[in-house]
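Everything on this sheet refers to the single structure shown next.
Every number here is computed from the coordinates shown, using simple stated rules; none is lab data. Computed from a prediction, not measured in an experiment: that's the story for all the values here. Quick reminder, even Gly has a Cβ in these numbers, built from the backbone with ideal geometry, and neighbours come from all protein chains shown.
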Amino acid sequence: MSAPARKTVLVIDDDRDFREALEAALDHEGFDVLHAANARDGVTLALAELPDVVLLDHGLPDGRGTDALTELRARGFERPVVILSGSADRPGLRHPGADHVLHKPVDYDQLCAVLKAASERGAPP
């Protein structure tokens, strides 16, 4: 019996230490991890690689994560996207194209649960 295929998560976040910590934690949870440090590279990578789920920082150096999400959706990307927000003053942050919003500092157990659920949903048929 073969092992289940690993799901791929694309992490788009400008904080290198955070990306590396996430990569280690998510690898341990059975995910393959791709990463990008800005919105432009993240959108390009998402469209080229079609990860099972995208974890997208709300605040990026070249624009808001929600702008990147809007672009992804406009270009036909239908995979789940989870937005991470470091803005404590925006507890009700929502975006119509996001599947879920989590706030930094992120609880890794909650993050893994959200990513597993989102990656199982995958792209609509």
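What the table below lists for this structure:
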| item | result |
| --- | --- |
| Choice from 67, 13, 52 showing the highest fluctuation, given a GNM over the chain with Cα pairs closer than 10 Å | 67 |
| The chain: calculated mean residue ellipticity at 222 nm from DSSP helix runs of at least 4, using -39500 (n - 2.57) | -12000 deg cm²/dmol |
| The stretch 7-121 - Debye-derived log10 I(q)/I(0), Cα point model, q = 0.11 Å⁻¹ | -0.28 |
| Debye, to nearest 20: dipole size of the stretch 7-121, +1 on Lys, Arg Cβ, -1 on Asp, Glu Cβ | 460 debye |
